[in-house]
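Undergrad: One structure follows; several queries about it will come next.
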Amino acid sequence: MVWVFIMNRMGSQGSTVAQQRRMALGVVILLLVDVIWVASSELTSYIFKRQEYNKPFFSTFTKTSMFVLYLLGFLLWRPWRQQCTGSLRGRHAAFFAEAYFTPCINDTSLNDHTLSEPLYVPVKFQDLPTEQTNCVNGDCDSTSKKQRVRFSNIMEVRQLPSTQALEAKLSRMSFPAAKDQESMLRTVGKLTVTDVAKISFFFCFVWFLANLSYQEALSDTPVAIVNVLSSTSGLFTLILAAVFPSNSSDRFTLSKLLAVALSMGGVALVSFSSMDSPDGKGATGSLWSLAGAALYAVYIVMIKRKVDREDKLDIPMFFGFVGLFKLLLLWPGFLVLHYTGFEAFELPSKLVWTYILINGLIGTVLSEFLWLWGCFLTSSLIGTLALSLTIPLSIIADICMQKVSFSWLFFAGAVPVFLSFFIATLLCHYNNWDPVMVGLRRVFAFICRSKHRIQRLPEDSEQCESLIPLHTVSHDNESFCS
């Protein structure tokens, strides 16, 4: 017994050490991603301003089209190939999934958040054997008789929603059956290649416009100001999620209102500080940054409404198709911008080509993969909070590398935006948490208790004053009579 306890203790310590190493590796990867993103933004600003190649559309099109490299997973990743091949095993898995899980997945008669309408079914009870009691001289012990509980003859049956019915059926499967279909069960509920391609086609335009707005902002504004204003995407997400909720956790609360107000005040100060730029383009860059943040929030909210669970969508495959559709569909934008005079088409020099390709491969493709890996090793909350570190890193980079001097308005506005980003992230992670409302309720309850105590004090004092004279008078009368 002692040996078993020691082995379990060692195993738990080993798992704890493994979790700590996993967390440490994830944090290091997320910090590396922050450095890569800030360096990518600084390199983009260097290309636009120092190399005099101010082509935001060309830069955005080239770098985001490199997402198509993710589609090499169909050649290197076996699960992706199995989704495209018509092998017997794949057909058998598809048939098994369709026969076993389709009634759960495709059941549209149920509400996703409530149970079905009650169905009353008669119940037939089995007859219980009669109990024999020992009676002596006709006297029976009444305590020996067991009391019976009478149940209703009708039972109420309600059906789970489709999202929970799928997990319920999976839980009732035996372990050997689940083990035999392990490869298939990983893909149950996941979107097919066709579905992922359709979603990518719909969202590639919004994603491209969000990135184009960010690149346009970098061409007119320092990187630090762009990153501060771009961090307001979380606040736009809170607002849009409240207007177009996808689940109960998207309701608007007082805490979210406070975060929005705090962010709006910081954005106003940062925008005022950008107006002091000598070329007069600071306000334009601020508007581009806010537009990019709003478009990214639209992308987040709409894809959440389209895909209810994040594990249903294969993120690398999604980005791969996004890059493919951008490459195939958005090239006419060069002609439109060239002939309208907004951005003349011009191929860059070899040096600029090298910068753009390196920036696209490392700052776009690799960084996205590393960020997803870091979130997998840690958590989505830590991964989102890690994004806020780009704000101080970009400020340091602009001061040290670009020799940019910021006014006090910028720092006064960056602090509330930075804090609102933390608040928005925590509120999104902990669903239905409203600390402001909880605090107000406690303060109100404390004031009510204090007011009630103050009202009771005069009444108690009056009672004491009325009792003391009576007591003394009665005492004096007793002494006089004696």
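Undergrad: Quick one: in region 390-402, which of the residues that are modelled with pLDDT of 80 or more and not β-branched (Val, Ile, Thr) is nearest to LEU31 (Cα to Cα)?
TA: So, considering only residues that are modelled with pLDDT of 80 or more and not β-branched (Val, Ile, Thr), the one nearest to LEU31 (Cα to Cα) is LEU393.
Undergrad: Is it true that some residue in region 339-360 is surrounded by fewer than 19 Cβ atoms within 10 Å (Cβ to Cβ), within 24 Å of the chain's Cα centre (by Cα) and farther than 18 Å from SER263 by Cα?
TA: For region 339-360, residues surrounded by fewer than 19 Cβ atoms within 10 Å (Cβ to Cβ), within 24 Å of the chain's Cα centre (by Cα) and farther than 18 Å from SER263 by Cα: absent.
Undergrad: Determine whether PHE319 is under 12 Å from VAL68 (Cβ atoms) and not acidic (Asp, Glu). Let's see the steps before the verdict.
TA: Details: under 12 Å from VAL68 (Cβ atoms): yes; not acidic (Asp, Glu): yes.
In short, yes.
Undergrad: Looking only at helices (runs of 4 or more DSSP H) that lie completely in region 195-277, which have at least 1 residues being basic (Lys, Arg)?
TA: Because the criterion is at least 1 residues that are basic (Lys, Arg), the helices (runs of 4 or more DSSP H) in region 195-277 that meet it are 254-274.
Undergrad: What number of residues in region 389-417 are small (Gly, Ala, Ser) and touching a Gly at 6+ places or on another chain (Cβ under 9 Å)? It would help to see each step written out before you state the result.
TA: First, pick out the residues of region 389-417 that are small (Gly, Ala, Ser): 394, 397, 405, 407, 412-414.
Subsequent filtering for residues that are touching a Gly at 6+ places or on another chain (Cβ under 9 Å) retains 412-414.
So the answer is 3.
Undergrad: If you don't mind, another one. What is the residue count in region 43-85 for residues that are among the hydrophobic types (A, V, I, L, M, F, W, C) and over 21 Å from LEU370 (Cα atoms)? It would help to see each step written out before you state the result.
TA: Taking region 43-85 first, the residues among the hydrophobic types (A, V, I, L, M, F, W, C) are 43, 47-48, 57-58, 61, 66-69, 71-72, 74-77, 80, 84.
Then keep just the ones that are over 21 Å from LEU370 (Cα atoms); that gives 47-48, 57-58, 61, 84.
Final tally of qualifying residues: 6.
Undergrad: Within region 298-339, track down each residue that is assigned to a loop (DSSP other than H, G, I, E, B) and modelled with pLDDT of 90 or more.
TA: Within region 298-339, LEU330, TRP331 qualify.
Undergrad: Still on this structure: Can you tell me how many residues within region 54-78 are touching a residue at least 12 places away in the same chain (Cβ under 8 Å), surrounded by fewer than 20 Cβ atoms within 10 Å (Cβ to Cβ) and of a type outside the set (A, V, I, L, M, F, W, C)?
TA: Qualifying residue count, region 54-78: 3.
Undergrad: Residue by residue through region 364-389, note down the ones that are at pLDDT below 80, assigned to a helix (DSSP H, G or I) and surrounded by fewer than 17 Cβ atoms within 10 Å (Cβ to Cβ).
TA: LEU372, PHE376, SER380, LEU381
Undergrad: So is PHE406 part of a loop (DSSP other than H, G, I, E, B) and closer than 23 Å to GLU42 by Cα or not? Don't jump to the end; show me each part of the working.
TA: On the way: part of a loop (DSSP other than H, G, I, E, B): yes; closer than 23 Å to GLU42 by Cα: yes.
Judged against the criteria, PHE406 is a match.
Undergrad: Under the condition of being surrounded by fewer than 18 Cβ atoms within 10 Å (Cβ to Cβ) and within 20 Å of the chain's Cα centre (by Cα), which residue from region 26-42 is nearest to CYS375 (Cα to Cα)?
TA: Taking the candidates together, the pick is VAL27.
The values are calculated or read from the model by the stated rules, or taken from the named source; none is laboratory data. Quantities reported herein were computed from a predicted structural model and do not represent experimental measurements. Using ideal geometry, Cβ is built from the backbone for each residue, glycine included, and neighbour counts are taken over all protein chains shown.
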